[in-house]
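Notes for the one structure printed next.
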Amino acid sequence: MEIRPLDGVRVLELGNYVAAPTAGRMLGDFGAEVIKVERPKTGDELRNWRLYGGDTSMLYRTVNRNKKSITLDLRTEAGRKIVLDLLEQCDVLLENFRPGMLEKWGLGPEVLNEVNPNLVITRISAYGQTGPLSQRPGFAAVAEAVGGLRELVGDPDRPPVRVGVSIGDSIAGIYAAFGTVMALFQRERVTRVPLAQRIIDVALNESILSVMESLVPDYLAYGINRERVGGRMEGIAPSNAYPTSDGYSIIIGGNGDAIFQRYMRVIDRPDLAADPDLQDNAGRWRNRERLDAAIADWSRTKTRAEALRVLEAAAIPCGPIYTAADIVADEQYRARNMIQPFRVDVGEPEPREVGFPGIVPVIGGQSLPIRNVGPDLGEHTHEVLSGLLGLTDSEIEALEANS
């Protein structure tokens, strides 16, 4: 039986979309009981995003795995009272409403602290709970732009583009999960943690800024404004995608000094290995066009499999550019239990077995098993409200009828 580090922790999630639910997913992955509160009838809007069949998207099933779903109308006094009653028995409240919304509903931190003086309150918003922009709404697309990421994605002769996933939401969710665990850890070491220290304030734009490496220090120290460089990474060469004879592209990272020497021998360019202008990364970056042209001339003579085999034999970092089909077939992912099958409704007469991405990080050599994929709307309402609060079936039905 797996020992999950967060067994015994109970989380109430008041989150929609991706950011807070990602944090809840991570806590649930490692054993926390995560009770997700959704709007009656419609639920989390993510249920309908990229919905190709059935009534619940695979996106929702993925982001909300290892959770329980209950329905409550937070616009009603009865719904808010249930939330307060539940929080008496919870360790964490996780939310991503616009700042001030919980306070408007009478569920602000001071009220929650009266109900549960040990509660960790994790809040995710566009710009954080304080500051001149705190009241401004914003999704991850905006945060990725304001945080500096969007300006660096794409080719220099075209407008900036977005990466193909909600990376801003996911990064914020990871920070929120880390902050939550940090607060829980502190709570175990300190007899009484002040309320201010139990409020974890995660901003989408700051989450992006925090992974932008030396973007700001480079500007302040050297006056450098980084620009888009396509498939390259600013100041690092050679590292790019290169075409192969069978219509694929492969990624090769030969930017380490010792690696570069082996790399040039593999592509039959000892002259480049010996070139004094290419002996350090700064020189190689200045000559990146010449290097990329030489590497592409070589890669075009090989199939993807041939090129990767030669490069791997020389211990040069490289890899294919995978599609979802490639990932599903990959032996490495399979060996670490990183694609886990569940039978789910896809809008056909019978459920279909669908693989879902495994739990990261790995503990014990393989990804921990997913306990359940994202639940049906309100699937656990009776279980939670009767089990934790002792409500009768008639009381629960009356609550649902008034929502």
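Mind checking the dipole of the range 346-402: about its Cα centre, +1 per Lys or Arg Cβ, -1 per Asp or Glu Cβ, Debye to the nearest 20?
Details: 2 positive and 10 negative charges, 93 e Å.
Charge dipole of the range 346-402: 440 debye, to the nearest 20.
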| query | What percent do you get for the relative contact order of the chain when only Cα pairs under 8 Å and 6+ apart count? | reply | 18 percent
| Read-out Cα extents along the principal axes in Å, derived from the coordinates shown; its label in (1) 81, 54, 41; (2) 63, 55, 46; (3) 61, 48, 47 | (1)
| request: Pull up the cross-link candidates among the aspartates and glutamates for Lys68, meaning alpha carbon to alpha carbon under 12 Å and not fewer than 8 places away within one chain. | output: Glu13, Glu33, Glu38, Asp376, Glu379, Glu383
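Work out which helices of the chain, taken as complete DSSP H runs, extend at least 20 Å along their axis over the Cα atoms and score a mean Kyte-Doolittle of -1.0 or more, then list them.
Numbers: long enough: 167-189 (33 Å, 0.55).
In the chain, the long hydrophobic H runs are 167-189.
Can you give me the % of accessible surface on the chain that is carbon or sulfur? Probe 1.4 Å, all protein chains present, nothing else counted.
Working: 10980 of 20430 Å².
Whole-percent figure for carbon plus sulfur exposure: 54.
Asp277 to Ile236: FRET efficiency via 1/(1 + (r/R0)^6), r the Cβ-Cβ distance, R0 25 Å, to the nearest 0.05?
Rounded to the nearest 0.05, the efficiency is 0.95.
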| Cα shape, the range 12-87, gyration tensor, a/c 1.5 rule | oblate
| field | Inter-probe distance in nm under a simple model that places probes 7 Å from Cα toward Cβ, at Glu395 and Tyr219 | value | 5.5 nm
| Where the centroid of each part is defined by its Cα atoms, how far is the range 84-137 from the range 332-400 in Å? | 26 Å
| remark: Mean-square fluctuation maximum in Gaussian network of the chain, Cα pairs under 10 Å, restricted to Gly223, Gly54, Gly15, hits Gly223
| said: Running a GNM on the chain with Cα contacts under 10 Å, which residue among Ala23, Ala325, Ala143 ends up with the highest mean-square fluctuation? | reply: Ala325
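Nearest 20 debye, what's the magnitude of the dipole of the chain about its Cα centre given +1 on Lys and Arg Cβ and -1 on Asp and Glu Cβ?
Details: 45 positive and 56 negative charges, 114 e Å.
The dipole magnitude comes to about 540 debye.
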| query | Accessible area of Glu331, 1.4 Å probe, to the nearest 10 Å²? | reply | 140 Å²
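Keeping all protein chains in place and using 1.4 angstrom, which order do Met26, Met264, Met233 fall into by accessible surface area, from largest down?
Working: Met26 40, Met264 0, Met233 85 Å².
Output order, biggest surface exposure first: Met233, Met26, Met264.
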| request: Quick one: check the C-alpha center-to-center distance for the range 161-215 versus the range 257-307, whole angstrom. | output: 40 Å
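First check a/c for the range 208-308, with a ≥ b ≥ c the square roots of the eigenvalues of its C-alpha gyration tensor; if it is under 1.5, answer rounded, and if not, answer prolate when a/b is larger than b/c or oblate otherwise. Walk me through the numbers on the way to the answer.
Numbers: a/c = 2.67, a/b = 1.58, b/c = 1.69.
Here the range 208-308 falls in the oblate category.
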| task | Could you work out which residue, out of Leu14, Leu59, Leu311, moves most in a Gaussian network model of the chain, that is, has the largest mean-square fluctuation with Cα springs under 10 Å? | result | Leu311
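What is the range 304-397's relative contact order, in percent, from Cα pairs under 8 angstrom and six or more apart in sequence?
Values: 76 pairs, mean separation 14.8, N = 94.
Relative contact order, the range 304-397: 16 percent.
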| To the nearest 10 square angstrom, what accessible area does Phe185 show with a 1.4 Å probe? | 120 Å²
| field | Ranking by accessible area, most exposed first, for Ser134, Ser170 with a 1.4 Å probe | value | Ser170, Ser134
| note | Given 171-182, 189-200, the highest-first ranking by average Cβ count within 10 Å works out to 171-182, 189-200
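Below 8 Å, C-alpha to C-alpha, sequence gap of six or more: please give me the relative contact order for the range 1-83 in percent.
Values: 130 pairs, mean separation 24.3, N = 83.
The normalised contact order for the range 1-83 reaches 29 percent.
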| said: Place a point 7 Å from Cα of Thr130 in the direction of its Cβ. Which residues in the range 181-206 have their backbone N less than 15 Å from it? | reply: 195-203
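The values are calculated or read from the model by the stated rules, or taken from the named source; none is laboratory data. Because the structure is a prediction, the values reported are computed rather than measured. Don't worry about glycine lacking a Cβ; one is built from the backbone with ideal geometry, like all the others, and counts go over all protein chains shown. Keep in mind that these areas ignore ligands, DNA and RNA; they rest on the heavy atoms of the full protein, side chains included. Shrake-Rupley method; radii C 1.70, N 1.55, O 1.52, S 1.80 Å.
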